[in-house]
Amino acid sequence: MNKRPRGVCVRGVQVTDHALVRYLERVHGIDMKQVAREIVTNERAVQIKRHPYSHIDCPKLKVNFVVRQGRVISVVPRGKKGAA
């Protein structure tokens with residue numbers, strides 16, 4: 001299993017996913033709890049609990065939510081099955 005922090009490399013400097021999330025929260029005022037609520041609607045929560053290893057299609061948003069061990073681990077464009 002790869003233990004390196006995930007994120008983006010910009011100008012030779014790695015910016016972790018954690019740093020990106022905190023920046024969006026603290027600088028841009030994005031409420032991550034609200035974003036999580038948009039991802040895990042009541043209907044999707046039921047689907048995730050029933051199928052803890054799945055891809056949940058969301059045509060309205062044109063994405064699939066990748067679920068592993070009952071956690072949403074990624075969001076991919078519809079039609080793609082990867083967990084990138």
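Rule-based calculations on the coordinates, nothing more; no lab input. Please read these numbers as outputs of a predicted model, since none were measured by experiment. Here the Cβ is made from the backbone with ideal geometry for all residues, glycine too, and neighbour counts use every protein chain on show.
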Filter the stretch 59-74 down to the residues that are closer than 14 Å to THR41 by Cβ and of a type in the set (A, V, I, L, M), then identify the one that is farthest from the chain's Cα centre (by Cα). LEU61
Sort out which residues of the stretch 6-61 are of a type in the set (A, V, I, L, M), within 25 Å of ARG78 (Cα to Cα) and not in a helix (DSSP H, G or I), and write them in order of number. VAL8, ILE30, VAL40, ILE56, LEU61
Any residue at all in the stretch 27-36 that's without any contact (Cβ under 8 Å) to a residue 24 or more places away in the chain, surrounded by 11 or more Cβ atoms within 10 Å (Cβ to Cβ) and either of a type in the set (Ser, Thr, Tyr) or in contact with a His (Cβ under 8 Å, 6 or more places away or on another chain) (or both)? no
